[in-house]
């Protein structure tokens, strides 16, 4: 038997997975590492599920990467897969950031101890520095190293675009996203990232065009609908925003950040009772699973309860909520920027080193 996925995964199915992987996952295929067939198939299957970007898919991907390591403890790419899994589990709020990101960093460091030229692991370290350490300089060093090792590595270009956008270097950020899409034009995640960065750069129509293309290619990719909702909400097109957020919640199986953004859109549309209901539901849910305090802060601000919102942003600092990385540039928070309490939050989070040019 070639390899088991659920019960049985035939060689033909594994072969088909190889062709469905996006640019990030194709790079190890080009290297053709001399691995045992089982470890290699486990790694490929892990990448397949990781690329779904849902909680269930990320957990399943992590399981397959761990199987690859159990078969071959020297498999650097599989450690990088584990790092990517924990990084995304933290970003998508399946696990608390303080749980997920240290594990991501440890796995990426292990991968580099086995192969210091591994662009994937350098890139993931940059991702951790960006979203968890809030250290733009450290993130930039790792993304630069990743691209020195592999100039065509799409996800490194994409994630570097985030870092540059937060620094206010929007032209460079948009250029990085363009390079990412050119290197992997069919990746839903990379296309969605490009839409987000264009939005941060104030290029709303271009961002919408990019995201609509992503949805045309993969209509079931939740984050593309979520980012489209962000843009429509910013443009005061609340009906469209709500429809996109609802789609994102449905496709993701109930992502709590998407639900919070839906609650915020309800509030901005004057649907205060619906927004308040969303807030209460998320607060109840937080008693049994992780819910980002940043997410519930959004609804509090939307319904006019700023004091409660700032208390949650305080918690988000200790919690290392990933969305804090964009605190200085996210258009959703534009109406808070003149508030001294918001300035104090920026200072307390020490985001100066994250956003320094």
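Table for the structure above
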{"quantity": "Residue list for the range 48-91, restricted to those being in contact (Cβ under 8 Å) with a residue 60 or more places away in the chain and closer than 26 Å to residue 129 by Cβ", "calculated": "51, 53, 54, 55, 90, 91"}
{"quantity": "Cβ pairs under 9 Å, 6+ apart, first in the range 251-277 and on the phi > 0 side of the Ramachandran plot, second assigned to a helix (DSSP H, G or I) and surrounded by fewer than 22 Cβ atoms within 10 Å (Cβ to Cβ)", "calculated": "253/55; 253/56; 254/55; 254/285; 270/238"}
{"quantity": "Residue ranges of helices (runs of 4 or more DSSP H) in the range 1-96 with at least 1 members within 30 Å of residue 215 (Cα to Cα), in contact with a helix residue (DSSP H, G or I) (Cβ under 9 Å, 6 or more places away or on another chain) and at pLDDT below 90", "calculated": "11-20, 23-31, 55-71"}
{"quantity": "Residue 287 being closer than 23 Å to residue 91 by Cβ, free of Cβ contacts under 8 Å to residues at least 24 places away in the same chain and out of contact with any strand residue (DSSP E or B) (no Cβ under 9 Å at 6 or more places or on another chain)", "calculated": "yes"}
{"quantity": "Unmet requirement for residue 292, which otherwise passes all of (1) closer than 30 Å to residue 178 by Cα; (2) in contact with a helix residue (DSSP H, G or I) (Cβ under 9 Å, 6 or more places away or on another chain)", "calculated": "(1)"}
{"quantity": "Residue list for the range 216-231, restricted to those being crowded, with 21+ Cβ neighbours inside 10 Å and either more than 17 Å from the chain's Cα centre (by Cα) or closer than 19 Å to residue 295 by Cα (or both)", "calculated": "222, 223, 224, 225, 226, 227, 228, 229, 230, 231"}
{"quantity": "Qualifying residue in the range 250-265 (condition: assigned to a helix (DSSP H, G or I), modelled with pLDDT of 95 or more and over 16 Å from residue 226 (Cα atoms))", "calculated": "no"}
{"quantity": "Flag if residue 100 is without any contact (Cβ under 8 Å) to a residue 24 or more places away in the chain and farther than 28 Å from residue 185 by Cβ", "calculated": "yes"}
{"quantity": "Entirely in the range 268-357, the helices (runs of 4 or more DSSP H) that have 3 or more residues that are under 19 Å from the mean Cα position of the chain (by Cα)", "calculated": "293-302, 306-319"}
{"quantity": "Number of the condition not met by residue 249 [criteria: (1) buried (at least 17 other Cβ atoms within 10 Å of the Cβ); (2) more than 25 Å from residue 193 (Cβ to Cβ)]", "calculated": "(2)"}
{"quantity": "Filter result for residue 274 (more than 26 Å from residue 200 (Cβ to Cβ) and at pLDDT 95 or above)", "calculated": "yes"}
{"quantity": "Residue count for the range 309-319, restricted to those that are surrounded by fewer than 23 Cβ atoms within 10 Å (Cβ to Cβ) and within 22 Å of residue 87 (Cα to Cα)", "calculated": "4"}
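A quick yes/no check of all residues on (1) closer than 22 Å to residue 225 by Cα; (2) crowded, with 22+ Cβ neighbours inside 10 Å:
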residue	(1), (2)
42	no, yes
47	no, yes
67	no, no
89	yes, yes
98	no, no
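The values are calculated or read from the model by the stated rules, or taken from the named source; none is laboratory data. Note that the coordinates shown come from a computational prediction; the quantities given were computed from them, not determined experimentally. Cβ sites come from the backbone with ideal geometry, for glycine too, and all protein chains shown count toward neighbours.
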